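Participant: One structure, pasted below without further comment.
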Amino acid sequence: MYLECIKVRVNLNKEKELKSFLDGVFNNLEQYGGLVRFEFYKNSLVPLDYIIHLYWKEDINITLGSPLSYYIIEGLQRIGLINHTMWVEETTIGDMEYNKGDTSEDTKNYPDFKNNVNKEETMAKKDEIKDMPNKITRRGFLKAGVSAGMLAAATGLALDLTKKDAEAAAKTLPKKWDEEIDVVVVGSGFAGLAAASEAGKRGAKVVILEKMPTYGGNSIINGGVYAAWDSKLHLRQKLNLGNDSPKQHFDDTLKGGDYYNIPVLVKNLTEGSADALNWMIEEGGCKLREALTRAGGHSAYRTHTVAEGVGRGFTEPLRKIAEKYGAKIRLNNEITWIWRKDTEGPILGVEVKTPKGKRNIKIKKALVLASGGFSRDIKMRQAFNPSVVPEYNSTNHPGATGECIRFAQAIGADTLHMAFIQLYPFAEPETGILDNPAVYPFNGVGYGLIYVDKNGKRFVNELERRDVCSMAQIKLGQKPTYSIFNEEMVTKMGGTMEEIEKGIAKGRFIKANTIEELAQKLKMPVNNLVETVKKHNQYLKDGKDPDFNKPITKAMIPLEKGPFYAVAQWPAVHHTMGGIRINEKAQVIDIWGKVIPKFYAAGEVTGGVHGSNRLGSNAIPDCVVHGRIAGINAAQEKA
Amino acid sequence: MKKPLLLFSFIFVILFAITLAFTKGDVFAQAKKQKAKAPSKNVSCLSCHDKISNVLPKNHKPVTGDTIASCNTCHRPDMSIKAEPKPYASTIHRAHIKEGKGADCMICHTHANNRFGLYKSGVSFGRLKKDELENIKNIFISWAQSKNIDATHSKVDIMCSSCHDKKLPLTGDTVENDRCLICHGPLEDLQKRSEPKDFPDRNPHKSHLGDIACTVCHHSHKASTVYCLGCHGNFKMKIPGG
């Protein structure tokens, strides 16, 4: 006996037509000699899937199938067949081990056609349509289904590439929406808050969805340093720290990113950062320290430090602005899907997991994705860059897991630079956090701070980019390394003595009055450290670093006068440069290079701004500038 | 037609009386036990307790009647939403949640047309769907005997409404900080109490994340989690009280 299986998927709205069509077939089966039985099951797990079983007494063409099956497929094509698979199996019906339990309501079991078999035997096992009984001896696949593109376009299904079964790559649009919102922002960090502020200011009803129980993501724990060529405070001019321009910042950023950067996005950043900083000062009451630093990879003193010394000093003003314009932050609200009907149309909404269950939000104007990077998703980061092994710590908060990038990809968004993953060279060695002392090694280099290994020797040009500093440490093979600086540098580099005292109490900063004493406390060969410091002091006087070719500036202070300080450091996964592709308007671009209507993204979730390596203190301006652009454009979308 | 029916009834009554005489009340006991198993039926306290006086506190006035209605006349259902202990309600609920046995709300409570009430009390606590009622029942079991904060509150007779001020709590409901601080505040005092001696700025109630919800760490109906440890894995922090 032969079992011919036809697995079909139909348009959800055409179920009635499907049933009446199959009824019609059933009532005219006499003409098909050799047909023993006709069964028809609905898959109770996948509402669109049906399977038709035709039992043939006589041998049928195992590679071509029966004329009846072709008749059925043709008929179904007229009423919304999406996809089908046919095959023929040799079977012995008597040996079949059907579950004799109850059939589910949605499993229709057609009565036997001829040669009645015991009805109980034909009961189909609920949900286990795919698991065919044993005794399968031969199997021939006949036809596979239609293309995925057609599937989405023809049937109102959002593509779902997360399903394991490629055949089930469809997720049905919600039948009803629980809520309608003008602009939905995903993520409550710098970019999300900036976008919400600008969209709210322009009259849009804005809701920020934040999956974590606290707002601010990585931004609120970020180091609080902001690169801008100028601001209304004109610190560079005031402190007499040389020249700078947006063009110089642009050039540094491209060079630091090995020219992988998308130039128009860098232009947005470097030309918009001063204005964005002024905006946070004016509208949000943000306060800066009276200091400016030259950080690794930058050719000018342009790194501003916020008064609080941590990203919260920027997120709080931004939150204030966003809430002033009516934006609401919903904590513990995690998006689980982005709804889009087809590959041409706009974003329709998002599926959200809330404490009270699943909600589908219809988006009237636009979706702004500002959900951050994936530094805390070990599997994802190693999938793109195998060298970022699980042993690395991360400076990031636990929510930086990048699932939103996959949701965007699943509806057609393009990504780029996913393999470029930055290590922060100076994280706390044990846990990888970027605590307050961990900012000093980054801020101090423009003022003469040096890095030494466990042997008390320099190992890199301290003004190098983060990737170079990190790799130099890793190649040493000895964890950790140390930054050495003195008290004179502290306030210049944007630090405070209060922070130093706190750091000492926690054992993060090591204090000593002489270099010898410091070396002893660090358990380092004393002579080596003394020699290293002596040499470096001479280099500053000579204006030349023959060891590592560091560009010496007049602002750099020799390590002559104590007290001296040391802080331990080691690289930790910090920033994922890659992400979703956007254009200069912060619109998300799909894999064919087209704009996805009503879809914006900003901040670390996007790729291309920083190229292969982000310069320190470029992240906040990137987030705020592109967040603002996204918010302004999102508000202008037609509802 | 009437006569045989009358006769039949008569025979039945006689038979019943005879049975009763021989079994000395056991029939009633039997009936009560069967009733106790039926859902949504209010039953006599005597189906489990031999005498009501056995379960009353010392010096309690004698009680007439044998259902929860007897208690209601004096202990009126407390509908207040104040953050205060409710000793009577707390005690009677806790006493009826046996370890490992669960609870049966419907011995004293009523649930009709999705309204949740108390037997013969004339009050309704509000609307509650069947699954939400089941959820509340499970939370009550946790409240009475878990290792979570809800049980810590139970020990001092704090019930649902002391935290969930507005109405019957539903799945996903949360508690605002202000509510917690009625008892545990003011915040400054709390911060002072929780300040670590060795590292004063590792104060869990003075987070660098700003004004965060108490519920970020303190979960009432499941084990609490120290949110700080998500990044500061080397901190030695524990949450007392579940």
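The values are calculated or read from the model by the stated rules, or taken from the named source; none is laboratory data. Quantities reported herein were computed from a predicted structural model and do not represent experimental measurements. Positions of Cβ are backbone-derived with ideal geometry, glycine not excepted, and every protein chain shown enters the neighbour counts. Heavy atoms of the whole protein, side chains included, go into the accessibility calculation; ligands, DNA and RNA do not. Shrake-Rupley method; radii C 1.70, N 1.55, O 1.52, S 1.80 Å.
Participant: Just to be sure I understand, how many residues within the range A:218-264 are surrounded by fewer than 24 Cβ atoms within 10 Å (Cβ to Cβ), away from chain B (no Cβ under 14 Å), farther than 20 Å from A:Leu292 by Cα and not aromatic (Phe, Trp, Tyr)?
Facilitator: So the answer is 6.
Participant: Same structure again: Report yes if A:Gly444 is in a loop (DSSP other than H, G, I, E, B) and of a type in the set (Gly, Ala, Ser), otherwise no. Break it down stepwise before answering.
Facilitator: Working: in a loop (DSSP other than H, G, I, E, B): no; of a type in the set (Gly, Ala, Ser): yes.
It is false that A:Gly444 is in a loop (DSSP other than H, G, I, E, B) and of a type in the set (Gly, Ala, Ser).
Participant: Do we find that A:Ala519 is within 30 Å of A:Val388 (Cα to Cα) and either in contact with a strand residue (DSSP E or B) (Cβ under 9 Å, 6 or more places away or on another chain) or in a strand (DSSP E or B) (or both) in this structure?
Facilitator: no
Participant: Restricted to the range A:297-325, and to residues that are within 14 Å of another protein chain (Cβ to nearest Cβ), in contact with a helix residue (DSSP H, G or I) (Cβ under 7 Å, 6 or more places away or on another chain) and of a type outside the set (A, V, I, L, M, F, W, C), which residue is farthest from A:Asp251 (Cα to Cα)?
Facilitator: Only one residue tops the list, namely A:Lys320.
Participant: Kindly list the number of the only condition in (1) touching a strand residue (DSSP E or B) at 6+ places or on another chain (Cβ under 9 Å); (2) modelled with pLDDT of 90 or more that fails for B:His208.
Facilitator: (1)
Participant: Okay, next question. Examine the range A:386-393 for a residue that is open to solvent by less than 50 Å² (accessible area, probe 1.4 Å), under 19 Å from A:Glu604 (Cα atoms), of a type outside the set (A, V, I, L, M, F, W, C) and not in a strand (DSSP E or B), and state whether such a residue exists.
Facilitator: yes
Participant: How about the range A:521-535: which of its residues are under 15 Å from A:Gly448 (Cα atoms) and open to solvent by 60 Å² or more (accessible area, probe 1.4 Å)?
Facilitator: Hits for the range A:521-535 are A:Lys534, A:Lys535.
Participant: If a residue has to be within 14 Å of chain A (Cβ to nearest Cβ) and modelled with pLDDT of 90 or more to count, how many in the range B:141-172 make the cut?
Facilitator: Residues flagged as within 14 Å of chain A (Cβ to nearest Cβ) and modelled with pLDDT of 90 or more within the range B:141-172 amount to 1.
Participant: Quick check on B:Asn177: is it open to solvent by 40 Å² or more (accessible area, probe 1.4 Å) and not aromatic (Phe, Trp, Tyr)?
Facilitator: Answer is yes for this residue.
Participant: If you scan the range A:358-376, which residues turn out to be within 14 Å of chain B (Cβ to nearest Cβ) and either aliphatic (A, V, I, L, M) or open to solvent by 30 Å² or more (accessible area, probe 1.4 Å) (or both)?
Facilitator: Correct list: A:Lys358, A:Arg359, A:Arg376.
Participant: Would it be correct to say that A:Lys211 is at pLDDT 95 or above, open to solvent by 20 Å² or more (accessible area, probe 1.4 Å) and either farther than 30 Å from A:Gln636 by Cα or within 14 Å of chain B (Cβ to nearest Cβ) (or both)?
Facilitator: Here the answer is yes, as A:Lys211 does meet what is asked.
Every residue, every condition in (1) surrounded by fewer than 21 Cβ atoms within 10 Å (Cβ to Cβ); (2) of a type in the set (D, E, K, R); (3) within 14 Å of chain B (Cβ to nearest Cβ), yes or no:
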| position | (1), (2), (3) |
| --- | --- |
| A:Ala295 | no, no, no |
| A:Ile338 | no, no, no |
| A:Asp342 | yes, yes, no |
| A:Gly345 | yes, no, no |
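Participant: Yes or no: A:Thr336 modelled with pLDDT of 95 or more and touching a Gly at 6+ places or on another chain (Cβ under 7 Å)?
Facilitator: So A:Thr336 fails the test.
Per-residue answers, yes or no, for (1) modelled with pLDDT under 70; (2) of a type in the set (Ser, Thr, Tyr); (3) within 29 Å of A:Lys171 (Cα to Cα):
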site: A:Arg37; (1), (2), (3): no, no, no
site: A:Lys57; (1), (2), (3): no, no, no
site: A:Ser66; (1), (2), (3): no, yes, no
site: A:Ser69; (1), (2), (3): no, yes, yes
site: A:Ile73; (1), (2), (3): no, no, yes
site: A:Gly80; (1), (2), (3): no, no, yes
site: A:His84; (1), (2), (3): no, no, yes
site: A:Lys108; (1), (2), (3): yes, no, yes
site: A:Asp112; (1), (2), (3): yes, no, no
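Participant: Looking at the range A:361-392, which of its residues are in contact with a helix residue (DSSP H, G or I) (Cβ under 6 Å, 6 or more places away or on another chain) and free of Cβ contacts under 8 Å to residues at least 60 places away in the same chain?
Facilitator: If the condition is that a residue be in contact with a helix residue (DSSP H, G or I) (Cβ under 6 Å, 6 or more places away or on another chain) and free of Cβ contacts under 8 Å to residues at least 60 places away in the same chain, then A:Pro390 is the only one that fits.
Participant: May I ask you to verify whether B:Ala223 is modelled with pLDDT under 95 and either within 14 Å of another protein chain (Cβ to nearest Cβ) or within 27 Å of B:Ile141 (Cβ to Cβ) (or both)?
Facilitator: Yes; evaluated as a whole, the condition is true for this residue.
Participant: Could you figure out which of (1) hydrophobic (A, V, I, L, M, F, W, C); (2) more than 14 Å from chain A (Cβ to nearest Cβ); (3) closer than 28 Å to A:Glu210 by Cα; (4) open to solvent by less than 50 Å² (accessible area, probe 1.4 Å) isn't true of B:Ala213?
Facilitator: Single failed check for B:Ala213: (2).
Participant: Same structure, new question: Exactly one of (1) in contact (Cβ under 8 Å) with a residue 24 or more places away in the chain; (2) open to solvent by 50 Å² or more (accessible area, probe 1.4 Å); (3) touching a helix residue (DSSP H, G or I) at 6+ places or on another chain (Cβ under 8 Å) is unmet by B:His219. Its number?
Facilitator: The single condition B:His219 does not satisfy is (2).
Participant: Further, regarding this structure: Given the criterion within 14 Å of chain B (Cβ to nearest Cβ) and either in contact with a Cys (Cβ under 9 Å, 6 or more places away or on another chain) or not in a loop (DSSP other than H, G, I, E, B) (or both), identify the matching residue among A:Lys353, A:Lys379.
Facilitator: Exactly one of A:Lys353, A:Lys379 is within 14 Å of chain B (Cβ to nearest Cβ) and either in contact with a Cys (Cβ under 9 Å, 6 or more places away or on another chain) or not in a loop (DSSP other than H, G, I, E, B) (or both), namely A:Lys353.
Participant: For the structure I just gave you, tell me whether A:Lys328 is surrounded by 21 or more Cβ atoms within 10 Å (Cβ to Cβ), more than 14 Å from chain B (Cβ to nearest Cβ), of a type outside the set (A, V, I, L, M, F, W, C) and touching a residue at least 40 places away in the same chain (Cβ under 8 Å). Working first, answer last.
Facilitator: Values: surrounded by 21 or more Cβ atoms within 10 Å (Cβ to Cβ): no; more than 14 Å from chain B (Cβ to nearest Cβ): yes; of a type outside the set (A, V, I, L, M, F, W, C): yes; touching a residue at least 40 places away in the same chain (Cβ under 8 Å): yes.
Considered against the rule, which asks whether it is surrounded by 21 or more Cβ atoms within 10 Å (Cβ to Cβ), more than 14 Å from chain B (Cβ to nearest Cβ), of a type outside the set (A, V, I, L, M, F, W, C) and touching a residue at least 40 places away in the same chain (Cβ under 8 Å), A:Lys328 comes out as no.
Participant: Another question, if that's okay. Kindly indicate whether any position in the range B:37-47 is open to solvent by 80 Å² or more (accessible area, probe 1.4 Å) and at pLDDT below 50.
Facilitator: Yes.
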